[in-house]
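J.: The following block contains the structure, expressed as structure tokens.
Bear in mind that the values in this text are calculations on the coordinates, not laboratory data. What you are looking at is a predicted structure, and each value in this text was computed from that prediction instead of being measured. Here the Cβ is made from the backbone with ideal geometry for all residues, glycine too, and neighbour counts use every protein chain on show.
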């Protein structure tokens, strides 16, 4: 996942946590085709918030955290999910910080749209 999105290898911990989070949301034969999440909490997990690791998105900066001429959105990279809520863990390449927030807008051209037959047009070198 790290190499696919050209992220530094220092994100291996984030990749492992994201992988474990996703694995716990899907059925396994060990639990008779139920999810580990359902086995633990007793309810089926909602997976509508899942996104591709390394996706580009824009993080909303609240008014209280910015000045007049500051940008309302910061371009970030998805590196995982919050353990406490359905928020995303976002890496800001400019500041080098990881933010946890739900107020995000994913970049549409960053993922493959299999339903319409359109593919990702970004070029990897």
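J.: According to a simple spin-label model (label point 7 Å from Cα along Cα-to-Cβ), what is the distance in nm between residue 107 and residue 10?
T.: Simple spin-label model gives 2.1 nm for this pair.
J.: Sticking with this one: List 56, 28 from most exposed to least, where exposure is judged by having the fewest other Cβ atoms within 10 Å.
T.: 28, 56
J.: Hey, can you rank 4-11, 70-77 by average C-beta count inside 10 Å, highest first?
T.: Packing order, densest peptide first, comes out as 70-77, 4-11.
J.: For helix 12-23, what angle does its Cα long axis make with the longest principal axis of the chain, in degrees from 0 to 90 and rounded to 10?
T.: Tilt of helix 12-23: around 50 degrees.
J.: Can you run the Rg to Rh ratio on the stretch 9-107? Use alpha carbon positions and the Kirkwood inverse-distance Rh.
T.: On the Cα set of the stretch 9-107, Rg over Rh gives 1.06.
J.: Go ahead and set up a Gaussian network model of the chain, Cα springs under 10 Å, then flag whichever of 107, 64, 14 fluctuates most.
T.: The residue that fluctuates most here is 64.
J.: Highest mean first, what order results for 87-98, 29-40 on Cβ atoms within 10 Å?
T.: Packing proxy ranking, top to bottom: 87-98, 29-40.
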